[in-house]
Every structure is written in C-alpha cells, then in structure tokens.
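These notes are about the structure you will find just below.
Read the figures in this text as sums done on the coordinates, not as results from a lab. Just so it is clear, the structure is predicted and the values come from calculations on it, not from any experiment. Here Cβ is always computed from backbone atoms with ideal geometry, including for glycine, and neighbour counts include all displayed protein chains.
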C-alpha cells in the first residue's frame, strides 16, 4: 500500500500503441491501483488514424481521441495526447525524446506497457520505447522534448500479455503475475466500449466478431490460468537493472491479495 508519510501519491502510467490497447489488456490493473490510492495515467503513442474503413485519417484520429478521452474519464485516469500515427511508431530519437519527456513529467513508480513479443510491430516497438524512456529518466545529458528535469526515483516496468495470449510465432506467453480484475471487469468493459469506432474496424480488419467478447474471453482465460481468479490480467516484470537499486515489485505490493505470483513462471527464472 502507499506510504502514508509520503506527500506525493504514487503514480502509475500505462503506455500503449493505440487507442483501446490499454482497455483491452491493462485497464483492470489501473482501476485496482486507483482504488489503492494511486494516480493513474494513460498514453497511447498513436492517434489511431488508420483505424477506419470509411473515414479519412484526420477524421478517424479526431474520433479516436474523443473516445480515448471518454475511456480515460471512465477509468479516472489522466490522458496524455498521442504523438505518432498507426504503423509509424518507430524506435527512433523523435519518439524516444517525446516519451522520455512524459516519463519525467509524470515520474511514475510503475510503468505498464505491451509485451515485448506480440502479433504487431507497433506493440513491440512501444514496449521497447517505454523501457528505454524509463531507463533515461534520470540522465541529464539525454535531451527530451519538450524539456523536462530528470528524475531520480525508482521505477518498475511491467509488460502485459500479447493479444491472443501468444507471441507472433503462436507460442503461449505465460505471465509472471496474475492480477484479479473480477471486481472491476464491468468498469473495464465500459471503458473499452467507449472505443465505439473500433467495432467495425476490428470486425473487418482482424475478424474480431465482438471486441468486447474477445476482451472478456482473454480475461477469463487468464483467470483460469491463475487457478484462483475468475477474471485476470497478466504481467511480466522487467529486470530491475537500471531502474532500481534492487528487486522491487510495487505492483504486487500495492495490490496485495489481488496479485498472485505465477509459480510456473518463477520456476522458469531459476
């Protein structure tokens, strides 16, 4: 739980590629952190401009930003504006300087982001950018845009589950930590439903008959894998080197009984 003597509320930020990615795989954890007294932030790197078969890029981006704002309001999160476009998220200095600036501004103790292995390059590149931006948070000689003062606090980076719970080569990805999202599933569902423009796009482009049902199926699958929870989200914690003096798990600590370490994953670390 947050330290009551600390005047600054602890902060978590979810960094994803597109509008609705956070709501699919990360929103339940954010909601539980908010209930535990944390400030929560959301950042979608891309405007989602390619997410329509009927609207132009600019109109699509405007619609998706409005939906993202509605979803963030449902979650009780601060939304940061996107600074990239679909399929244009690249591991380059422009993206890294912008993302590192947000990290310094927010100064999170927890960064939630995509799996390093996923079916889509935008997701994987966003994960790489999030890791490096967090790593560079305290480097005064690394220029960020807009300019922000470096921060020295410790941070833990957690990678979520890939869409479909498998990597791009169809291999099952096992989480290291299960988070019980059963109590917040309805709010998570409402936040995902705010992305109304995506129903048609996902139906046409990826064959997702119902994006709400797809989210719930993955949630149920993770809950079943936990052996304890009905609905769950899964996380893998990045190595602490460069992020904290020693091993820390602020997510597990903050959520207490709602977090369950996966013995299968931990055994594989030995």
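Based on the alpha-carbon gyration tensor of the stretch 122-187 and its eigenvalue square roots a ≥ b ≥ c, which shape applies: rounded if a/c is under 1.5, prolate if not and a/b is larger than b/c, or oblate? Can you show the working numbers first?
Values: a/c = 2.69, a/b = 1.77, b/c = 1.52.
Prolate is the answer for the stretch 122-187, as a/c is 1.5 or above and a/b outweighs b/c.
Shape of the stretch 55-110 from the C-alpha gyration tensor: oblate (a/c of 1.5 or more and a/b not above b/c, with a ≥ b ≥ c the square roots of its eigenvalues).
Taking all Cα pairs closer than 8 Å and separated by 6 or more residues, the relative contact order of the chain comes to 22 percent. For the chain, the mean residue ellipticity at 222 nm estimated from helices alone is -12000 deg cm²/dmol, where every DSSP H run of n ≥ 4 contributes -39500 (n - 2.57) and the total is divided by all residues, rounded to the nearest 500.
Under the classification rounded if a/c is under 1.5, otherwise prolate if a/b is larger than b/c and oblate if not, where does the stretch 10-114 fall, given a ≥ b ≥ c as square roots of the Cα gyration tensor eigenvalues?
Working: a/c = 2.29, a/b = 1.35, b/c = 1.69.
It is oblate, given that a/c is not under 1.5 and a/b is not larger than b/c.
For the listed peptides 169-175, 106-112, a ranking on the average number of other beta carbons within 10 Å per residue, highest first, reads 106-112, 169-175. Where is the GNM fluctuation largest for the chain (alpha-carbon springs, 10 angstrom cutoff): 18, 240, 163? Looking only at 18, 240, 163, the biggest GNM fluctuation is shown by 240.
Between 216, 233, 23, the GNM of the chain built on Cα springs shorter than 10 angstrom shows 216 fluctuating the most.
Packing, as the average of other Cβ atoms within 10 Å across residues, places the peptides 80-88, 144-152 in the order 80-88, 144-152, highest first. Quick one: among 241, 96, 222, which has the greatest mean-square fluctuation in a GNM of the chain with alpha-carbon springs under 10 angstrom? Top of the fluctuation ranking is 241.
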